[in-house]
There are 2 protein chains.
Amino acid sequence: MNESAPRTGQDAEPIPVPKSLGEIGLRHFAPYLLNRIMGRYNQSLQESLGEAGQSVAKMRTLAVLSVTDGLMTNELAVYAVIEQSTLSRTLDALESEKLIRRQAGATDSRVRHIHITDKGRALFNEAWPLFARTYHTMFAGIPAEEHRRFVDTLQRILRNIRKHDF
Amino acid sequence: MNESAPRTGQDAEPIPVPKSLGEIGLRHFAPYLLNRIMGRYNQSLQESLGEAGQSVAKMRTLAVLSVTDGLMTNELAVYAVIEQSTLSRTLDALESEKLIRRQAGATDSRVRHIHITDKGRALFNEAWPLFARTYHTMFAGIPAEEHRRFVDTLQRILRNIRKHDF
């Protein structure tokens, strides 16, 4: 999970920090665009998952576990971007539906690792087309090379602002 | 505010839609990266604005009005990415602090336009360095050209997924 340190890019012209929002304009202010996009993305997922009787928090938790099983609660909260209190309720619900199970750590029994069950994996696989459809809509008409560069920049931004080393 | 229709990019190779999350991996799945980034961005703003005794919803509302004054509530909800019920409470608070004022529409008196007051503008200008600092941290070491391409792609994605024509 470790990645290389952020490149410093001292060889290239850095972006100027705007003196006011008026100077840059909403439409060129990346955090504004990011908020608009994620607001719509999450609402659209909520609608389609809601129709299937599921919640975004539950599905996002299963999504993360489907590719990185055995995480601890604090790691899961970071990966799934869910507040600890919401995650705690979400895990209770997932456990009661037998979609995940918690297992004590081998060396530290106070620690709990969260594992996705076969039933949980099957449920997430069923829901995946909804995620894939939204993903497809987001990048409609965007060439593969532009998408690749976009993901590169997202990874650099995440390295710049994350608090955790993962 | 109108923009040209999304380019279809039929001349370039489109991105393949992954058959599973495992196939693409969390770290290359743009919605995951976007969620992580915006989760951290919003939390970081909340912390720094909270220390200054302000809320993200209030400041985001003033931010939008500072560049696009006179919006109606439904437009403001879209631009500021705030749910109508939260926005309604936020506007009440901003009005009671004389940071905004509401004005009946010239042609339709049932419609209310929201205007930022001089006091509201002064407060947002005071808070702007906090937004600018977070923005600066996000793009640290990212060259201007990469930033420009990134913003371009964000604009295309927003055109792809937005429900409103603005």
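Could you grab me the full set of residues in the range B:99-133 that are over 20 Å from the mean Cα position of the chain (by Cα) and touching a residue at least 40 places away in the same chain (Cβ under 8 Å)?
B:Arg112
Every residue, every condition in (1) among the basic types (Lys, Arg); (2) facing another protein chain (nearest Cβ under 9 Å); (3) more than 17 Å from A:Gly120 (Cα to Cα); (4) loosely packed, with under 15 Cβ neighbours inside 10 Å, yes or no:
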{"residue": "A:Phe29", "(1), (2), (3), (4)": "no, yes, yes, no"}
{"residue": "A:Ile37", "(1), (2), (3), (4)": "no, yes, yes, no"}
{"residue": "A:Thr61", "(1), (2), (3), (4)": "no, no, no, no"}
{"residue": "A:Val64", "(1), (2), (3), (4)": "no, yes, no, no"}
{"residue": "A:Thr68", "(1), (2), (3), (4)": "no, yes, no, no"}
{"residue": "A:Val78", "(1), (2), (3), (4)": "no, yes, yes, no"}
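Is the range A:86-94 home to any residue that is closer than 22 Å to B:Met38 by Cα, of a type outside the set (Ser, Thr, Tyr) and at the interface with chain B (Cβ under 7 Å from one of its Cβ atoms)?
There is no residue in the range A:86-94 that is closer than 22 Å to B:Met38 by Cα, of a type outside the set (Ser, Thr, Tyr) and at the interface with chain B (Cβ under 7 Å from one of its Cβ atoms).
Residues being under 16 Å from A:Val64 (Cα atoms) and in contact (Cβ under 8 Å) with a residue 12 or more places away in the chain: count how many of those fall in the range A:75-98.
Looking only at that region, the number is 13.
Of B:Lys98, B:Lys58, B:Lys119, which residue is outside any helix (DSSP H, G or I) and at pLDDT 95 or above?
Unique residue meeting the criteria: B:Lys98.
Confirm whether A:Pro129 is surrounded by 14 or more Cβ atoms within 10 Å (Cβ to Cβ) and on the phi < 0 side of the Ramachandran plot.
No: the conditions fail for A:Pro129.
May I ask you to list the residues in the range B:90-126 that are of a type outside the set (A, V, I, L, M) and over 15 Å from B:Leu62 (Cβ atoms)?
Answer for the range B:90-126, where residues must be of a type outside the set (A, V, I, L, M) and over 15 Å from B:Leu62 (Cβ atoms): B:Gln103, B:Gly105, B:Thr107, B:Asp108, B:Ser109, B:Arg110, B:Arg112, B:His113.
How many residues does the range A:39-55 hold that are hydrophobic (A, V, I, L, M, F, W, C) and not in a helix (DSSP H, G or I)?
Matching residues across the range A:39-55 total 1.
Would you point out the residue of the range B:142-166, among those that are surrounded by 16 or more Cβ atoms within 10 Å (Cβ to Cβ) and outside any helix (DSSP H, G or I), that is nearest to the other protein chains (Cβ to nearest Cβ)?
B:Pro143
Can you find, within the range B:108-124, the residue that is farthest from the other protein chains (Cβ to nearest Cβ) among those that are surrounded by fewer than 15 Cβ atoms within 10 Å (Cβ to Cβ) and out of contact with any Gly (no Cβ under 8 Å at 6 or more places or on another chain)?
If we take residues in the range B:108-124 being surrounded by fewer than 15 Cβ atoms within 10 Å (Cβ to Cβ) and out of contact with any Gly (no Cβ under 8 Å at 6 or more places or on another chain), then B:Ser109 is farthest from the other protein chains (Cβ to nearest Cβ).
Considering each residue of the range A:61-78, count those that are among the acidic types (Asp, Glu) and at pLDDT 95 or above, and give that number.
0
Out of everything in the range B:132-141 that is out of contact with any Pro (no Cβ under 6 Å at 6 or more places or on another chain) and assigned to a loop (DSSP other than H, G, I, E, B), what residue ends up being surrounded by the most Cβ atoms within 10 Å (Cβ to Cβ)?
In this case the residue turns out to be B:Phe139.
The values are calculated or read from the model by the stated rules, or taken from the named source; none is laboratory data. Since this is a predicted model, take the numbers as computed values, not measurements. Glycine gets a Cβ as well: all are built from the backbone with ideal geometry, and neighbour counts include every protein chain shown.
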